[in-house]
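To start, the structure itself, in structure tokens.
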Amino acid sequence: MSPELDGDGFFEDVEFDDATGFSVEAGWKWIGLHYTQLDYSSELYEDADAGSIGVRFSWQPGLRYR
């Protein structure tokens, strides 16, 4: 998928190697927690951490939780 950071004239464009990672999510009713681990590496620059952690809220009109 060849990720690339475009420097837009401010700095040199950076090409990263393809990477694989993992994602975990757990939720209950209308709330969920998620975590993603993903690292990209480049020959010219230091590695980039593309992981994330967060909270998700979901809602469906007309649906009632009991």
Could you tell me whether any residue of region 9-28 is out of contact with any Leu (no Cβ under 9 Å at 6 or more places or on another chain), of a type in the set (A, V, I, L, M) and within 30 Å of residue 62 (Cβ to Cβ)? no
Starting from region 39-51, keep only residues that are without any contact (Cβ under 8 Å) to a residue 24 or more places away in the chain, then list their pairs with residues that are surrounded by 12 or more Cβ atoms within 10 Å (Cβ to Cβ) and small (Gly, Ala, Ser) whose Cβ atoms are within a distance under 9 Å, requiring at least 6 positions of separation or different chains. 39/19; 39/48; 39/50; 39/51; 47/41
Pick from 13, 17, 8: which is over 15 Å from the mean Cα position of the chain (by Cα), surrounded by 10 or more Cβ atoms within 10 Å (Cβ to Cβ) and free of Cβ contacts under 8 Å to residues at least 12 places away in the same chain? 13
Here are some residues: 45, 35. Which one is among the aromatic types (Phe, Trp, Tyr), outside any loop (DSSP other than H, G, I, E, B) and surrounded by 12 or more Cβ atoms within 10 Å (Cβ to Cβ)? 35
Counting just the residues of region 52-66 that are in a strand (DSSP E or B) and in contact (Cβ under 8 Å) with a residue 24 or more places away in the chain, which one comes out farthest from the chain's Cα centre (by Cα)? 57
Name the single residue that is nearest to residue 2 (Cα to Cα) among those in region 20-30 being exposed (fewer than 11 other Cβ atoms within 10 Å of the Cβ) and of a type outside the set (Ser, Thr, Tyr). 22
How about region 31-66: which of its residues are aromatic (Phe, Trp, Tyr) and either over 16 Å from residue 2 (Cβ atoms) or touching an Asp or Glu at 6+ places or on another chain (Cβ under 7 Å) (or both)? 35, 40, 57, 59, 65
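Bear in mind that the values in this text are calculations on the coordinates, not laboratory data. Values in this document were obtained by computation on a predicted structure and should not be read as measured data. A quick note on method: Cβ atoms are made from the backbone with ideal geometry, for glycine too, and the neighbour counts reach across all protein chains shown.
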